[in-house]
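The structure appears right after this line, and notes come after that.
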Amino acid sequence: RIRGYDAEDGREIWSCAGLNVNVIPAPAQNEDIVYAMNSYGESSVMAIRLGSTGDITGTDAILWEYKKAAPYVPSPLLYDNRLYFLSGMDGLITTLDAETGRPRFECKRLRAIRGIYSSPVGANDRVYIAGRDGATVVLKHSRNFQILAINRLEDKFDASPAIVGKDLFLRGHRFLYCIAEP
């Protein structure tokens, strides 16, 4: 079950069925909507409107569901009303309209990247995805799928990239990298 708790006293506010066991991706939230997902066994992505109480399974609090290509480890990226997420731990990315759940693009191959544990991050109309093989793919944040760059370092990345100001930080197995303008 997916559950919402009161942060002050730990009391359960709402719950619903919909995800499988072994949920690893963290949910994303946009104002009064939370997006939860996992792909252990079956894929499931759910948009849940906050504000209800009790068991909300099958109610209109569930705004939409998407039943394919959900992540196993990486958390989603919610960026300008678009929900980006990876399929399993593979190099396939899907983007949905966060409001309607309609696909912008589905299961697009991120060439030259394999094995993804890190979550995508976004800034300045770019989406960054780091892989376990040392590659970082840069996508254009737009309605259409467009790879802008593929950069490779001799390291492996499990941690999600971090953006601080204009600097991009990548924590590899061996080193911490800061990508910055000179």
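The values are calculated or read from the model by the stated rules, or taken from the named source; none is laboratory data. Since we're looking at a predicted model, the values are computed, not measured. Reconstructed Cβ throughout: ideal geometry from the backbone, glycine too, with neighbour counts over all protein chains shown. Just the protein is used for accessible areas: all its heavy atoms, side chains included, with ligands, DNA and RNA removed. Shrake-Rupley method; radii C 1.70, N 1.55, O 1.52, S 1.80 Å.
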Would you mind checking which residues have amide H under 5 Å from Val121's amide H? H placed 1.01 Å from N; only 5 or more apart, or other chain. Tyr128
Among (1) 18.6; (2) 16.0; (3) 17.0, the entry matching Kirkwood radius over Cα pairs in Å as calculated here is (3)
Packing-wise, with mean Cβ within 10 Å as the measure, how do 104-112, 129-137 rank, highest first? 129-137, 104-112
In the chain, what percent of the accessible surface is made up of carbon and sulfur (1.4 Å probe, ligands and nucleic acids excluded)? 46 percent
DSSP beta bridge pairing in region 1-114, given as percent antiparallel to the nearest 5: 90 percent
Got a sec to turn the phi values of region 55-72 into Karplus ³J(HN,Hα) couplings, 6.51 cos²θ - 1.76 cosθ + 1.60 with θ = phi - 60°, whole Hz, x for Gly and Pro? 7, 9, 4, x, 9, 6, 5, 8, 6, 6, 9, 10, 10, 8, 6, 6, x, 9
Whole-Hz ³J(HN,Hα) from phi, Karplus 6.51 cos²θ - 1.76 cosθ + 1.60, for region 38-47, glycine and proline x: 6, 9, 6, x, 10, 7, 8, 10, 10, 10
Could you tell me which residue out of Ala159, Ser142, Pro120 lies farthest along the dipole of region 105-182 toward its positive end? Charges go on the beta carbon: Lys and Arg +1, Asp and Glu -1, centred on the Cα centre. Ser142
Restricting to lysine pairs 8 or more places apart or on different chains, what number in the chain have Cα atoms under 19 Å apart? 4
